[in-house]
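Below is a structure I'd like to ask you about.
The values are calculated or read from the model by the stated rules, or taken from the named source; none is laboratory data. Please read these numbers as outputs of a predicted model, since none were measured by experiment. Methodologically, a virtual Cβ is constructed for each residue, glycine included, from the backbone with ideal geometry; neighbour enumeration extends over all protein chains shown. Protein only, heavy atoms only, side chains kept; ligands, DNA and RNA dropped before computing areas. Shrake-Rupley method; radii C 1.70, N 1.55, O 1.52, S 1.80 Å.
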Amino acid sequence: MAEKLWGGRFTAPTDQFVEEFTASIMFDQRLYRYDIEGSIAHARMLAKQAIIGDDEAETIIDGLKQILDEIESEKLEFKISLEDIHMNIEARLIELIGPVGGKLHTARSRNDQIALDVRLYLRDEINAVSDYVKKLQQALLDQAEQNLDVIMPGYTHLQTAQPVLFAHHMLAYYEMLKRDAERLCDLYKRVNVLPLGAGALAGTTFDIDREFVAEQLGFAGVTRNSLDTVSDRDFAIEFCSTASMLMMHLSRLSEELVLWSSADFNFITLSDAFCTGSSIMPQKKNPDVPELVRGKSGRVYGNLVSLLTLMKSLPLAYNKDTQEDKEPLFDTIDTVKGSLKVFADMIREMQVNAEPMRIAAARGFSTATDVADYCVRKGIPFRQAHEIVGKTVRFCVENGKDIPELSIDEFKSFSDAIEEDIYDFVTLEASVNARRATGGTAREAVKKELDRARQEQVQSHP
Ligand code: ARG
């Protein structure tokens, strides 16, 4: 009771269970570095504005630095009775340097302080996630480059559609991740604004210099409305939304890796390091990592919905409800970073089985569209060409033949326009390389995008 920093108004101690129930130190302790960094900047500003003395600020800052050491060397024991990271640090400060430590909280509230801590923390985490995205992108590009001539079936409805380069497929995920990285970059701008100075909700009676604090902490600006500042959690929701999109992309790649690594497909072999066995079936090598990442996308979506629901209908300004934003946010960060890391390593070590991909690409009349396009170039309207090739495929099905195996007479029985050169158009290579327009699967088009992607990687931040 005596140790509570807000104990003055109270005559009875907090109920033991309520104390534990309302505490956040169990999870907000991960913010300690940012809490201290923010407090140091705040103390400097208070001294500059002559709200506290220079020597007082020095004493406070030395004390805070000592606390940082204590926490990093695991010497400081956090107390549930001190509720959260802010009060654990402040109480320790007063313990270390005496009553002058009590001056630190001048012109500040825990409400703007927590908003500051989370923003500082999230800035770093956005950069960390962006780095992991980049590593996965590199792995995808490396696989694309190493397998530039590998042809696989392209699917629609999971039915063989047209042959594509495996590299083209890898680059599709590169593009998805690029948009995710852009979203992270954009959201960073909204996170990178200083909330400190909003006080509890209405601002402060002291002559503070918010711009000075912003500059010290590397913020691009300061928030403009104190009520909004202490209650806004949009930025956390936005992060979880971006993370959900990212996990959605990873879940799609996961699904494909699971399919491709099955005996039925055998398009890829995942390294043993990323698979596990079965306790009963000795032959099993299960693609646990992609399965788990596919599953974890669900929990990240769940965190997004938690935060949206948490904020729904919440009146201004600060409400204790918002303490509940931390765990979903932290869990999202941990999950996304872990998933990206394991994926980058796994993709890099993935073995591509070119032969089964090629055999599958040749099945299912994958070059039928090329025959239709051939007819169109001979002057036949596309709709009619579609009909001609449809009948050709039916003939093939009935006679157990593939398109390239048809004799020229058989071809001609469907259209006179078809000539000997048709055989040049129905190979897998010809089909792929005919799609040369930007964004197509032709080797030269894919190589161009690969080079462009490499260039982008060099230019993009860290
Ligand atoms: N632990 C609190 C949170 O996470 C810090 C702010 C507390 N403010 C208050 N007035 N109780 O939101």
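Counting only heavy atoms of protein chains, what accessible area per residue, in Å², does the chain have with a probe of 1.4 Å?
About 48 Å² of surface per residue is accessible.
Report Rg(Cα)/(2.2 N^0.38 Å) for the chain, keeping two decimals.
In units of the globular-protein estimate, the chain measures up at 1.35.
At a 1.4 Å probe, what is the % contribution of carbon and sulfur to the accessible area of region 62-157?
Working: 1680 of 3700 Å².
Roughly 45 percent, rounded to a whole number.
Let me ask something else about it. Taking the DSSP beta bridges in the chain as the whole, what percent of them are antiparallel, to the nearest 5?
Numbers: 9 of 11 bridges.
The antiparallel fraction comes to roughly 80 percent.
With charges set only on the Cβ (+1 for Lys and Arg, -1 for Asp and Glu), what does the dipole of the chain come to about its Cα centre, in debye to the nearest 20?
Dipole magnitude for the chain comes out near 840 debye.
Beyond 29 Å, what share of the Cα-Cα pairs of region 21-178 remains, rounded to the nearest whole percent?
44
Ok, one more. Please tell me the relative contact order of region 315-430 in percent, rounded to the nearest whole number, where contacts are Cα pairs under 8 Å and at least six residues apart.
24
Shifting gears a bit: What percent does the relative contact order of region 371-444 come to when contacts are Cα pairs within less than 8 Å and at least six residues apart?
Relative contact order for region 371-444 comes out at 24 percent.
Further question on the same structure: Enter the Cα centre distance for the pair region 234-288 and region 319-383, rounded to the nearest angstrom.
12
Relative to the compact-globule scaling 2.2 N^0.38 Å, provide the ratio for the alpha-carbon radius of gyration of region 298-448. Don't jump to the answer; show the numbers that get you there.
Details: Rg = 26.8 Å, N = 151, 2.2 N^0.38 = 14.8 Å.
Cα Rg divided by the expected 2.2 N^0.38 Å: 1.81.
Now for a different question. Note the angle between two axes, namely the Cα long axis of helix 368-377 and the longest principal axis of the Cα atoms of the chain, as a number of degrees from 0 to 90, rounded to the nearest 10.
Taking Cα atoms only, the helix is inclined about 70 degrees.
Something else now. List the residues, sorted by chain then number, that are 5 or more residues from Gly154 or on another chain and whose placed amide H is less than 5 Å from its amide H.
Close amide H contacts, sequence-distant or interchain: Ala161, Gln162, Val164.
Indicate, rounded to the nearest 5 percent, the antiparallel portion of the DSSP beta bridges found entirely in region 135-285. Numbers along the way, then the final one.
On the way: 6 of 8 bridges.
If we restrict to bridges inside region 135-285, about 75 percent are antiparallel.
For Leu259 and Arg454 in the same chain, what is the full-extension length gain: residue separation times 0.36 nm, less their Cα-Cα distance, in nm?
In short, 67.4 nm is gained.
Any idea what the alpha-carbon Rg over 2.2 N^0.38 Å comes to for region 351-405?
This ratio for region 351-405 stands at 1.33.
Suppose we keep just the alpha-carbon trace of region 264-319; what are its Rg and Dmax in angstrom?
Just the Cα atoms of region 264-319 yield Rg and Dmax of 19.9, 60 Å.
Once every Cα of region 301-345 carries one equal point scatterer and solvent is ignored, give the base-10 log of I(q)/I(0) from the Debye formula at q = 0.17, 0.29 Å⁻¹, two decimals.
So the normalised log intensities work out to -0.55, -1.00.
Taking the Cα-to-Cβ direction at Arg394 and at Arg224 and moving 7 Å from each Cα, how far apart do the two end points lie in nm?
6.7
Spelling out what I want: for every residue of region 428-439, take phi, set θ = phi - 60°, compute 6.51 cos²θ - 1.76 cosθ + 1.60 (Karplus), and round to whole Hz; glycine and proline get x.
Running phi through 6.51 cos²θ - 1.76 cosθ + 1.60 with θ = phi - 60° gives 4, 4, 4, 4, 5, 6, 6, 9, 8, 4, 3, x Hz.
Could you give the length gained by full extension between Asp15 and Asn319, i.e. 0.36 nm per residue of separation minus their alpha carbon distance, to one decimal place?
On the way: separation 304, 0.36 × 304 = 109.44 nm, distance 2.05 nm.
Additional length available on full extension: 107.4 nm.
Would you mind getting the Kirkwood hydrodynamic radius of region 125-258 from its Cα pairs, rounded to one decimal in Å?
18.0
Give the long-range amide H neighbours of Val222: residues separated by 5 or more places, or on another chain, with amide H under 5 Å away, using H modelled in the peptide plane at 1.01 Å from N.
Leu194
For region 24-71 and region 146-221, what is the separation of their C-alpha centers, rounded to whole Å?
30
Compute the FRET efficiency between Arg299 and Ile359 as 1/(1 + (r/R0)^6), taking r as their Cβ-Cβ distance and R0 = 25 Å, and round to the nearest 0.05.
On the way: r = 38 Å, r/R0 = 1.52.
For R0 = 25 Å, the calculated efficiency reads 0.05.
Considering amide H positions built from the backbone, and no H for Pro or chain starts, which residues 5 or more places from Leu314, or on another chain, come under 5 Å of its amide H?
Placed amide hydrogens put nothing under 5 Å from Leu314.
Take each of the peptides 419-425, 326-332, 238-244, average the number of other beta-carbon atoms within 10 Å over its residues, and list them starting from the highest.
Packing order, densest peptide first, comes out as 238-244, 326-332, 419-425.
Could you calculate the contour length gain from Arg377 to Gln146, that is, 0.36 nm times the residue separation minus the distance between their Cα atoms, to one decimal place in nm?
79.7 nm
Ok, one more. With contacts defined as alpha carbon pairs under 8 Å and 6 or more residues apart, what's the relative contact order of region 277-369 in percent?
Working: 27 pairs, mean separation 22.1, N = 93.
24 percent.
Can you compute the helix-only [θ] at 222 nm over the chain? Use -39500 (n - 2.57) per DSSP H run of at least 4 residues, normalise by all residues, nearest 500 deg cm²/dmol.
Details: 18 runs with 276 residues, N = 462.
Rounded to the nearest 500, the figure is -19500 deg cm²/dmol.
On alpha-carbon atoms, Rg over Rh for region 368-457 using Kirkwood Rh?
Rg divided by Rh gives 1.11.
Ranked highest first by average number of other Cβ atoms within 10 Å, how do 385-393, 107-115 line up? Present the calculation step by step, with values, prior to reporting the outcome.
Working: 385-393: 18.1, 107-115: 23.3.
Sorting 385-393, 107-115 by mean packing, highest first, produces 107-115, 385-393.
Okay, moving on. Could you work out the Kirkwood radius for region 223-374, taking every pair of different alpha carbons, averaging 1/r and inverting it, reported in Å?
It works out to 18.6 Å.
Still on this structure, please answer the following. Any idea of Trp6's accessible area? Nearest 10 Å², probe 1.4 Å.
80
On to the next question. Short version: ³J(HN,Hα) in whole Hz for each residue of region 98-107, in order, from phi by Karplus 6.51 cos²θ - 1.76 cosθ + 1.60 (θ = phi - 60°), x for Gly and Pro, what are they?
My calculation for region 98-107 gives x, x, 4, x, x, 7, 4, 7, 4, 6 Hz in order.
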